[in-house]
Amino acid sequence: MIKHKLLIFSFTICILCTLFAFADEQIITPKSIYVGDTAELRYMFQSHTDLFLMADPSRINGDTVILDTSSQVFKKMEDVFLVKKAVLQRVGITYTVIITFVPWVTGEISFEEWNLNELCGNNSDAAPLLIKLSPIPVMSILKRTDSSGEGNPVSPILIPGTNYVLWGLIITLLIVLVFIAIFIARFSLIAEKFLELKENIGFSRNAIITKRKLNALKKRPYSDMDFASTWQKIMRAYLEYRFGTPFSSVTASSFYSVISDLTGDMLNMEQDNAVMSLQGLFRRTDYIRYAAGSIDSVQLPEEEHKAGFIDGERDNIIDVSVSDIEGLELREKEMKLYGRV
């Protein structure tokens, strides 16, 4: 009876881990799309199959495959949107389809189901990998501005020109106010610069310490599960200081939405890519942590089911993490992000 209960419990954990590890996700940048805008669609999924082995070698550049934008999948939709660029990227077993496009019509853009292997230049007899994207809402450019009309005219305020004493008092008061405003502005500017410098020093120190801890992981003989757990503790501590809010209970699938809300959806392109990459790494390390020891993890073939890192994946995760931290620390001078960003 006890063995039967343990078997049911292990099977349940296996199913939950599998669903958690292979949940697909679609993100649009920016959130509000208008006709004529250049937008970016990201579709993330996980697969143990090496899609790069089946792709046309001429389309592969490192961990990126250039997708065929001349395919009929996109050609027959040219009246609705124009695809400027389409690529497939991977981090471990996490794949991301990135499509840069310009919409031409308002309303919801619906996509037909298409074969990713075909867009990768795969001409073999491999089974098709079908992708179904969710509809994308596109708004009219007229909604960018408030066209409700002009307000009622304001009557002019008239001051008698013969009252020289009153004019003199007003001018004197204005001069005094100008000097006070200049003094306050300069004092506020100095205080703001000091606080900004102090904050930037804290951010830089946090990034440097985090990168040192990550590089030290390469030398530690941790098990895969301990490595994944230690990596998450280091990165969650970094993000907690970076964005000034606890990250201990944030799930891997909600990292992007949480950071997007904290920054008011004002991440630049480098920061946006870094957050997306970190989300993929948290998904991967979560699978290593929670799928280890389950029934599914000991099935064959081993390379498809084992809840462990492949050769070189640990070093790759650390290198990508360091690169993502550097991407998050890049801030444009004219951009004022919300909160502590």
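Run the accessible area of segment 27-99 with a 1.4 Å probe and give the carbon-and-sulfur part as a rounded percent.
Details: 1600 of 3310 Å².
With neighbouring chains kept in place, the figure for segment 27-99 is 48 percent.
Heavy atoms only, probe 1.4 angstrom, no DNA, RNA or ligands counted: give me R284, R220 ranked by accessible area, highest first. Mind showing how you got there, number by number?
On the way: R284 10, R220 120 Å².
Greatest to least solvent exposure: R220, R284.
What do you reckon, how do D50, D324, D261 stack up by accessible area (1.4 Å probe), largest on top?
Details: D50 55, D324 15, D261 110 Å².
Ranking D50, D324, D261 by accessible area, largest first, yields D261, D50, D324.
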Quiz item: What is the extension gain from E326 to A237, computed as 0.36 nm multiplied by their sequence separation minus the C-alpha to C-alpha distance, in nm to one decimal?
Solution: 30.5 nm
Quiz prompt | Exposure ranking of I182, I310, I234 by accessible area [1.4 Å probe, largest first] | solution = I310, I182, I234
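For segment 188-246, with only Lys/Arg (+1) and Asp/Glu (-1) charged at the beta-carbon, what is the dipole magnitude about the Cα centre, in debye rounded to 20? List each step's numbers first, then the result.
Values: 12 positive and 6 negative charges, 68 e Å.
Roughly 320 debye for segment 188-246.
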Quiz prompt | Rounded to the nearest 10 Å², the accessible area of R283 at probe 1.4 Å | solution = 10
Self-check item: Modelled FRET efficiency - R0 35 Å, T49 with E196, Cβ distances, 0.05 increments
Solution: 0.15
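Suppose a student asked you for the relative contact order of segment 53-123, using Cα pairs under 8 Å spaced at least 6 residues apart; what percent would you report? Kindly include the intermediate steps, with their values, before the conclusion.
Numbers: 95 pairs, mean separation 26.9, N = 71.
Once normalised by length, the contact order is 38 percent.
So, for segment 177-291, what is the accessible surface per residue at a probe of 1.4 Å, expressed in square angstrom?
Working: 6270 Å² over 115 residues.
Averaged over the residues of segment 177-291, the accessible area is 54 Å².
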Practice problem: With a 1.4 Å probe and every protein chain left in place, tell me how much accessible area S140 has, in Å² to the nearest 10. | Solution: 40
Quiz item: Heavy-atom accessible area of L142 with all protein chains present, probe 1.4 Å, nearest 10 Å²?
Solution: 130
Exercise. Using Cα centres only, tell me the gap between segment 250-287 and segment 206-223 in whole Å.
Key: 21
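The values are calculated or read from the model by the stated rules, or taken from the named source; none is laboratory data. Please read these numbers as outputs of a predicted model, since none were measured by experiment. Positions of Cβ are generated from backbone atoms using ideal geometry, with glycine treated the same way; all protein chains shown enter the neighbour counts. To get the accessible areas, we keep the full protein, side chains included, count just its heavy atoms, and leave off ligands, DNA and RNA. Shrake-Rupley method; radii C 1.70, N 1.55, O 1.52, S 1.80 Å.
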